[in-house]
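Written below as structure tokens is the structure these notes are about.
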């Protein structure tokens with residue numbers, strides 16, 4: 001009998017998040033929406049007097065920040081409700097309304113930055129000295145002046161802001177296709193039972209020890225993407241063209257330059273990552289050879305690279321076990337850190353299990369003024385435990401930032417986003433490697449850590465190289481078609497995975513299922529963040545409390561300085577290639593350790 005995914009109503013409320021800390025209910029949401037629509041219109045009243053005095057400037061900043069904070073709450077609430085069931089038209093509509101409000105707000109306040117940039121800088125800084133409450137905006141204004149040449153006239157800024165909704169179209173189309181409309185059919189599980197293939201189940205099936213199960217799931221998933229190949233190619237092409245349009249409108253040399261400029265990241269950081277990882281690809285190829293030999297396969301296919309190479313081991317891990325291990329692993333971080341983690345488990349921060357039409361994957365999100373939230377699709381595997389630790393890292397980053405920083409600096413840059421999540425995973429891995437005595441399970445864990453490197457450093461750098469190439473192709477006027485995208489992706493896959501891996505034809509379509517490609521030049525930060533996290537976790541484990549304090553201070557910084565500086569002040573210099581090379585060296589050492597464990601295991 002076929003097993004179906006549970007409906008939302010069938011999930012125990014204890015495993016669902018409680019969004020009431022954002023908005024009490026849908027009626028309150030509607031009231032807030034109505035209030036903000038009026039408030040947004042009032043922002044225009046500051047335009048004529050905004051630069052006339054320090055007090056007028058402060059009043060405008062305060063109102064802008066207040067409205068923006070409330071708009072964030074509206075958007076987050078509606079979208080997270082939609083993510084509970086992506087086919088629910090009510091919350092689709094509410095999310096659209098909130099998105100439209102955010103765009104209207106962006107348009108209404110689009111005069112602020114051009115007017116700041118048109119001011120005499122001596123007068124502007126005199127205002128900052130004159131009004132004590134304006135000093136909080138110094139870094140914001142310094143950063144704005146840094147980008148002065150890329151800010152347009154008020155009229156053009158308003159035009160670009162209004163084009164924002166159009167710019168979101170490709171991402172929205174992909175999301176609806178990927179999360180709501182696309183179906184993968186039925187496949188056999190390890191017990192020979194028919195089950196519905198979903199995003200959430202695909203990862204578990206690819207870890208199956210039954211090669212036929214892995215192959216059938218792999219082929220079924222990619223057959224669905226192949227059947228939409230032209231639509232997906234056109235959608236991604238539209239997204240890339242959007243990136244190029246906005247970068248050229250703002251007079252950047254390239255879409256890559258425009259993307260990195262927002263956080264003041266030098267282009268060489270991106271290029272050096274790709275170069276450094278490419279230099280260490282022989283370590284990746286060596287790991288693939290170890291995988292092939294350990295699995296005793298004549299050919300290693302892409303559907304063989306996810307399954308644990310340690311045979312006959314139960315990878316089941318209940319949610320309760322995952323919570324207990326996280327609490328123990330994070331003990332080194334101190335009582336306050338652990339107490340917040342415990343609170344997240346009991347106070348409705350986390351949406352745990354998959355339900356029908358729920359948003360796929362996992363994330364941490366929320367809004368300033370509330371606590372962070374975590375979405376999971378927990379499937380009772382060891383990998384899901386690490387996903388929990390990962391998303392809790394994001395949540396802790398948000399928690400400390402929101403508790404410490406004013407709204408203007410309440411976000412942390414994408415460049416820093418994956419550091420805290422990976423530190424949590426590294427601490428969990430260190431705890432398990434210390435406490436697990438069974439050699440088979442130890443081998444499984446080392447294998448898991450190796451695969452974290454494979455997916456987070458090697459694979460994300462491959463994605464980064466794909467993005468850099470596709471945007472360069474489009475900027476040079478070369479077409480991005482299904483055929484050209486497949487050919488590019490296949491070549492990169494062969495280079496990164498090496499000669500021991502058969503690049504099955506289906507893998508040509510992997511680019512078409514990656515949501516992050518609709519957030520341009522995002523994925524490289526997984527690799528740089530992982531490298532920085534390796535350094536942080538090493539310091540914490542070796543030095544204890546002093547390193548913990550430095551790390552917590554890092555979590556509290558938000559966006560009150562450039563991310564390169566935030567990391568450097570905490571002892572990690574990403575301007576150099578050292579952290580990436582150190583991470584690659586650790587990967588090589590883990591491959592050697594795995595070879596030794598496997599040798600002893602088979603002996």
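Nothing in this text is a laboratory measurement; each read-out follows from the coordinates by a stated rule. In this text, all values refer to a predicted model and were calculated from it rather than measured experimentally. As a convention, Cβ positions derive from the backbone with ideal geometry for all residues, glycine included, and neighbour counts pool all protein chains shown.
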Q. If the label point is 7 Å along Cα→Cβ of residue 538, which residues in segment 413-445 have backbone nitrogen under 13 Å from it?
A. none
Q.
Angle check, please: helix 267-279 long axis (alpha carbons) against the longest principal axis of the chain (alpha carbons), in degrees 0 to 90, nearest 10.
A. 10 degrees
(Q) Please compute the contact order of the chain in relative form: average sequence separation of alpha-carbon pairs under 8 Å and at least six residues apart, divided by the residue count, as a percent. (A) 19 percent
Q.
Please report the spacing between the Cα centers of segment 176-244 and segment 54-115 in Å, no decimals.
A. 33 Å
Q. So, in Å, what gap is there between the alpha-carbon centers of segment 469-488 and segment 366-405?
A. 36 Å
**Q.** With Cα atoms, 0 to 90° folded angle of helix 229-249 axis to the chain main axis
**A.** 40 degrees
(Q) Within segment 157-186, name every residue whose backbone N is under 18 Å away from a label modeled 7 Å from Cα of residue 251 along the Cβ vector. (A) 157-161
Q) Taking a label point 7 Å from the Cα of residue 146 along the Cα→Cβ vector, which residues of segment 113-138 have an amide N closer than 20 Å to it? A) 113-119, 121-122, 124-125, 128, 135-138
Q) Which peptide among 519-531, 189-201 comes first, and what is the full order, when sorted by highest mean count of other Cβ atoms within 10 Å? A) 519-531, 189-201
Q.
Starting from a Cα-only point model with no solvent, please compute log10 I(q)/I(0) by Debye for segment 407-551 at q = 0.14, 0.18, 0.19 1/Å.
A. -0.83, -1.10, -1.16
Q: For residue 293 and residue 549, calculate 0.36 nm times their separation in residues minus their Cα-Cα distance, and state this gained length in nm to one decimal.
A: 87.8 nm
Q: Kindly work out what percent of the DSSP beta bridges joining two residues of segment 297-436 are antiparallel, to the nearest 5.
A: 50 percent
**Q.** Pairwise label distance in nanometres, residue 55 with residue 41, each label 7 Å out on the Cα-Cβ vector
**A.** 2.8 nm
Q: Please give the helix 89-108 orientation as an angle from the longest Cα principal axis of the chain, in degrees from 0 to 90, rounded to the nearest 10.
A: 40 degrees
Q) By how many nm would the segment from residue 318 to residue 582 lengthen if fully extended, with 0.36 nm per residue of separation less the alpha-carbon distance? A) 91.7 nm
Q. What share of Cα pairs, in percent, lie more than 18 angstrom apart in segment 1-85?
A. 59 percent
Q. Which semi-axes, in whole Å and largest first, does the equivalent ellipsoid of the chain have when worked out from the alpha carbon gyration tensor as the square roots of 5 times its eigenvalues?
A. 40, 27, 26
Q.
Let me understand segment 8-167 better: what is its radius of gyration from the alpha carbons, and its Dmax, in angstrom?
A. 18.8, 63
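Could you tell me the calculated FRET efficiency between residue 565 and residue 271, based on Cβ-Cβ distance and R0 = 22 angstrom, to the nearest 0.05?
0.60
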Q. Any idea how far the Cα center of segment 1-37 sits from the one of segment 559-603, in Å?
A. 39 Å
Q. Expressed in nm to one decimal, what extension gain is obtained for the pair residue 438 and residue 339 from 0.36 nm per residue of sequence separation less their Cα-Cα distance?
A. 32.6 nm
Q: For segment 324-464, go through all pairs of different Cα atoms, get the mean of 1/r, take its inverse, and jot down that Kirkwood value in Å.
A: 16.1 Å
**Q.** Relative contact order of segment 8-167, pairs being alpha-carbon contacts under 8 Å that are 6 or more residues apart, as %
**A.** 25 percent
Q. Per the Debye formula with a single identical scatterer at each Cα and no solvent contribution, what log10 I(q)/I(0) holds for segment 399-484 at q = 0.25 Å⁻¹?
A. -1.16
